[in-house]
Structure formats: structure tokens, C-alpha cells
Amino acid sequence: MDAAGEELADRVRALLTLDGDVEEKRMFGTRAFLVDGHILVGARSAGVLLVRVHEETGAALVARPGVTTAVMGPRTMGTGWLDVAPEATADDEALVFWLDIAREDADRQE
């Protein structure tokens, strides 16, 4: 992963690990942050944040600036996987917005 991805991973780690239930793993070229074995978010190259949400949540969020359906290799994922551009997570408040959405949707799955 490049420097922008590592910097994003550091920011995510600092904001998420306060809970103590977050696990960090390298997966698919992404620094993934998991809760109960499921990906919550991931820091990707170029500082792109991968966010896992419910399909209906993702369908609404993909209309926001800097948000697209995630692409992994040759495959475009469903609206449950979003790529959030660095400009949409430029400060901690904006990043926390995305972390909270991912956490809320993860809690709904339990």
C-alpha cells in the first residue's frame, strides 16, 4: 500500500481502536478493520476508504460527492461496498461520519 493508504489506516486505527473490539488485517491489498470477523472499513491505496454498508444504505450514499461503488480487481461490487475518495474524508469529522455509518450498519446485521 502507498503512503496515502498508510496515513488513512493510521487515522482509522486511531479513531476505531478506542472500542477495543476492532481487529486489523491486511486483506486484498487493503488494510481492513473488522468487527466480529466482518469488514467494517478498509484503507486502500491513494487514501481511498472502503466502507461496508447495507445495500440500501449504499444506494443512498453513492450519490454523495466522492463516493462510488467499490471496484476490486476486475469486479464492480454491489452498493454494499463503497469507495470513498480522500477529499470526502479530509478531516476527522468527515472520517468519523463514514466510520459511524459502517458501525451502525454492522450493528444492524447482528
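So in the stretch 79-110, with the set limited to residues that are assigned to a loop (DSSP other than H, G, I, E, B) and in contact with a helix residue (DSSP H, G or I) (Cβ under 6 Å, 6 or more places away or on another chain), which one is farthest from VAL35 (Cα to Cα)? Spell out the reasoning first.
Taking the stretch 79-110 and keeping what is assigned to a loop (DSSP other than H, G, I, E, B), we get 79-80, 85, 90-91, 110.
The next check asks that each one be in contact with a helix residue (DSSP H, G or I) (Cβ under 6 Å, 6 or more places away or on another chain); those that pass are 79-80.
Working: THR79: 20, GLY80: 16 Å.
This residue is THR79.
Mind listing just one residue for me: the one in the stretch 3-22 that is of a type outside the set (A, V, I, L, M, F, W, C) and out of contact with any Gly (no Cβ under 8 Å at 6 or more places or on another chain) and, of those, surrounded by the fewest Cβ atoms within 10 Å (Cβ to Cβ)? Break it down into steps so the answer makes sense when it comes.
Residues of the stretch 3-22 that are of a type outside the set (A, V, I, L, M, F, W, C), as a first pass: 5-7, 10-11, 13, 17, 19-21.
From what is left, the residues that are out of contact with any Gly (no Cβ under 8 Å at 6 or more places or on another chain) are 6, 10-11, 13, 17, 19-21.
Numbers: GLU6: 14, ASP10: 12, ARG11: 19, ARG13: 14, THR17: 13, ASP19: 9, GLY20: 6, ASP21: 9.
Here the answer is GLY20.
Which members of the stretch 25-46 meet the condition of being among the aliphatic types (A, V, I, L, M), part of a strand (DSSP E or B) and in contact with a helix residue (DSSP H, G or I) (Cβ under 7 Å, 6 or more places away or on another chain)? Working first, answer last.
Step one: filter the stretch 25-46 for residues among the aliphatic types (A, V, I, L, M), giving 27, 32, 34-35, 39-41, 43, 46.
Cutting the leftovers down to part of a strand (DSSP E or B) gives us 27, 32, 34-35, 39-41, 43.
Once the filter is applied, which keeps residues that are among the aliphatic types (A, V, I, L, M), part of a strand (DSSP E or B) and in contact with a helix residue (DSSP H, G or I) (Cβ under 7 Å, 6 or more places away or on another chain), the stretch 25-46 yields VAL35, LEU40, VAL41, ALA43.
Taking into account only those residues within the stretch 5-24 that are among the charged types (D, E, K, R) and assigned to a loop (DSSP other than H, G, I, E, B), which is farthest from MET77 (Cα to Cα)?
So the first thing to find is which residues in the stretch 5-24 are among the charged types (D, E, K, R), and the list is 6-7, 10-11, 13, 19, 21, 23-24.
Now restrict to residues that are assigned to a loop (DSSP other than H, G, I, E, B): 19, 21.
Numbers: ASP19: 29, ASP21: 26 Å.
Applying the filter and picking the extreme gives ASP19.
Starting from residues that are surrounded by fewer than 21 Cβ atoms within 10 Å (Cβ to Cβ) and small (Gly, Ala, Ser), keep the ones in the stretch 33-64 and report whichever is modelled with the lowest pLDDT. Before you say what the answer is, go through the steps one by one.
Going residue by residue through the stretch 33-64, those that are surrounded by fewer than 21 Cβ atoms within 10 Å (Cβ to Cβ) are 34-39, 45-46, 54-57, 59-64.
The next check asks that each one be small (Gly, Ala, Ser); those that pass are 37, 45-46, 59-60, 63.
Values: GLY37: 85, SER45: 94, ALA46: 95, ALA59: 93, ALA60: 94, ALA63: 94.
The qualifying residue modelled with the lowest pLDDT is GLY37.
Residue by residue, here is whether (1) among the acidic types (Asp, Glu); (2) buried (at least 17 other Cβ atoms within 10 Å of the Cβ) holds:
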site: THR69; (1), (2): no, no
site: GLY78; (1), (2): no, no
site: ALA85; (1), (2): no, no
site: ALA88; (1), (2): no, yes
site: ASP92; (1), (2): yes, no
site: LEU95; (1), (2): no, yes
site: ALA106; (1), (2): no, yes
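Which residue pairs have Cβ atoms under 9 Å apart, sit 6 or more places apart or on different chains, and have a first residue in the stretch 43-69 that is on the phi < 0 side of the Ramachandran plot and free of Cβ contacts under 8 Å to residues at least 24 places away in the same chain and a second that is part of a helix (DSSP H, G or I) and loosely packed, with under 15 Cβ neighbours inside 10 Å?
As it stands, the answer is PRO65/GLU87, since those pairs meet every condition given.
The values are calculated or read from the model by the stated rules, or taken from the named source; none is laboratory data. This structure is a prediction, so every number in the text was calculated from the model and none was measured. Cβ atoms come from the backbone with ideal geometry, glycine included; neighbour counts cover every protein chain shown.
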